[in-house]
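The values are calculated or read from the model by the stated rules, or taken from the named source; none is laboratory data. Bear in mind the structure is a predicted one, so any value in this text is a computation, not a measurement. Using ideal geometry, Cβ is built from the backbone for each residue, glycine included, and neighbour counts are taken over all protein chains shown. For the accessible areas, the whole protein counts, side chains as well, though only heavy atoms, and no ligand, DNA or RNA atoms are used. Shrake-Rupley method; radii C 1.70, N 1.55, O 1.52, S 1.80 Å.
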Amino acid sequence: MVFKDKKEQYNEASLELKDVVNDSDWGLTQDEYDSAIEYYNECDNTFNLNQFALYPNSIEIIEECRLPHVMKPLTPIIELKYRFSEIGEYLKIKI
């Protein structure tokens, strides 16, 4: 479920970035777009479940895609937050 959600969010971020290429206010070139997509793909492919935060009623899987400083505005925001009540069937604990 987490990998599926992550993949969908990266795909959505890629589509949004494609819209930015066509927006003259951003001034994003095709080469910059291609570079950003390469970073997105690298982040997506190297993701692991090592970092997370536990809260009383939920868990958040931490996914940070780090782009070079000059590309920071293009950094995708991947949110993988799940309420225990929604994912109880996947857990080995009683809720």
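Computed extension gain for residue 16 through residue 72, at 0.36 nm per residue and net of the alpha carbon distance, reaches 18.7 nm. A Förster radius of 35 Å, combined with the Cβ-Cβ distance separating residue 3 from residue 30, puts the computed FRET efficiency at roughly 0.75.
Computed over all pairs of different Cα atoms, the Kirkwood value for the hydrodynamic radius of region 15-62 is 13.1 Å.
Across the accessible surface of the chain, with the other protein chains kept in place and a 1.4 Å probe, carbon and sulfur atoms take up 50 percent. Hey, if you put +1 on the Cβ of every Lys and Arg and -1 on every Asp and Glu Cβ in region 1-88, which of 57, 27, 11 ends up farthest toward the positive end of that dipole? Toward the positive end, the furthest listed residue is 57.
In the chain, the alpha-carbon atoms span a convex hull of 111 Å³ per residue. Cross-link pairs exceeding 20 Å between alpha carbons, from the set 18/72; 18/81; 4/72; 4/81: 18/81; 4/72.
Once the Cα atoms are used to define both axes, helix 2-21 deviates from the longest principal axis of the chain by about 20 degrees. Dividing the summed helix terms, -39500 (n - 2.57) for each DSSP H run of n ≥ 4, by the number of residues in the chain produces a 222 nm estimate of -14000 deg cm²/dmol to the nearest 500. Heavy atoms of the protein chains alone define the surface here; on that basis the chain has 73 Å² accessible area per residue at 1.4 Å probe size. Principal-axis analysis of the Cα atoms of the chain puts helix 30-46 at an angle of about 20° to the longest axis.
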